[in-house]
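Structure first, commentary second.
The values are calculated or read from the model by the stated rules, or taken from the named source; none is laboratory data. From a predicted model like this one, the values you see are computed outputs, not experimental measurements. We place every Cβ from the backbone using ideal geometry, glycine too, and count neighbours over all the protein chains shown. Note: accessible area is taken over every heavy atom of the protein model, side chains too, but ligands, DNA and RNA are not part of it. Shrake-Rupley method; radii C 1.70, N 1.55, O 1.52, S 1.80 Å.
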Amino acid sequence: MKISNLYFLIICLFFVACQDKKQESSEEKPSAVEAPKEEVEKLPVDEYSQIFIAIMKTDKGMARGLKIGDNIDTINETADIAESQVENGKSYTSNFDDMGANFVDIEYVANDERKITSIVLDVYLENESSVDSLFNEFNLYFKKKYGQGKAQNKEITWNLTDGGNQLLLQNVSKEKDPGLKIVFSKKGDKLAL
């Protein structure tokens with residue numbers, strides 16, 4: 001009887017030791033359900049091409065962190081100041097390559113109260129296939145952000161959810177000059193130039 005009690009005691013100790021070891025190893029490894037504590041929220045623009053990201057910069061505002069109604073003096077633009085400036089506003093140019101064949105001209109137009117009334121992005125790329133691809137990216141992005149637009153010829157327009165503004169996405173490519181135009185403006189203002 002003493003031997004059977006001894007076996008029983010050894011089995012119990014072995015079982016307890018295994019349980020303690022299992023508990024320690026599960027405490028060391030984070031659960032697969034837990035999210036990493038330092039995970040940064042991914043911006044929707046990060047899901048697109050490098051050129052798209054270079055043009056939009058962020059998903060905040062309408063474009064490049066700004067929206068119609070913002071004070072033009074609060075612009076914190078990283079692009080170079082353009083050679084020619086728009087009247088009643090500020091103009092910038094951002095190159096996507098060292099040769100200057102792929103770039104965006106950015107215009108912020110303001111009213112007399114120094115509030116932005118339109119944002120115009122003229123994108124120039126080396127080839128038509130790049131323009132088509134980028135056009136599709138912008139269409140997808142704006143559709144997610146503003147809903148279904150109205151397509152006609154080589155352009156799509158949106159009445160923005162704020163009720164007072166509109167958006168134009170247009171393929172303005174010519175044979176030797178492929179590009180896109182994106183215009184945010186007040187409803188009723190002329191969209192295409």
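Could you tell me the relative contact order of the stretch 112-180? Use alpha-carbon pairs under 8 Å, at least six residues apart, and round to a whole percent.
Working: 76 pairs, mean separation 24.4, N = 69.
Relative contact order here is 35 percent.
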Query raised in the report: Can you give me the Cα centroid spacing of the stretch 164-193 and the stretch 117-156 in angstrom?
Result: 9 Å
Report task. Using a/c under 1.5 as the rounded threshold, could you call the stretch 95-178 rounded, prolate or oblate? The axes a ≥ b ≥ c are square roots of the C-alpha gyration tensor eigenvalues, and prolate needs a/b larger than b/c, oblate otherwise. Result -> oblate
Query raised in the report: For the stretch 82-193, what is the charge dipole size about the Cα centre, in debye to the nearest 20, if Lys and Arg each add +1 at the Cβ and Asp and Glu each add -1 at the Cβ?
Result: 680 debye
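How large is the direction-averaged shadow of the alpha-carbon convex hull of the stretch 115-158, in nm²? Provide the component values of the computation, followed by the final result.
Details: hull surface 15.9 nm².
That works out to 4.0 nm², a quarter of the Cα hull's surface.
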**Report entry** Per-residue ³J(HN,Hα) for the stretch 81-88, Karplus 6.51 cos²θ - 1.76 cosθ + 1.60, θ = phi - 60°, Hz, x for Gly and Pro
**Finding:** 5, 6, 4, 10, 9, 6, 5, 6
Report task. Select from the stretch 66-139 those trypsin sites (Lys or Arg not before Pro) which occupy a DSSP coil region and have at most 13 other Cβ atoms within 10 Å, ordered by residue number. Result -> R114
**Report entry** Using a Förster distance of 22 Å, the FRET efficiency for D80-S49 (Cβ separation, nearest 0.05)
**Finding:** 0.55
Query raised in the report: Fully extended, how many nm does the chain gain between K115 and N88 (0.36 nm per residue separation, minus their Cα-Cα distance)?
Result: 8.7 nm
Report task. Within the stretch 121-139, which residues have the backbone N less than 18 Å from the label spot 7 Å out from E175 along Cα→beta-carbon, could you tell me? Result -> 126-129
Report task. Report in % the part of the accessible area of the stretch 58-193 that belongs to carbon and sulfur, leaving out ligands and nucleic acids; probe 1.4 Å. Result -> 44 percent
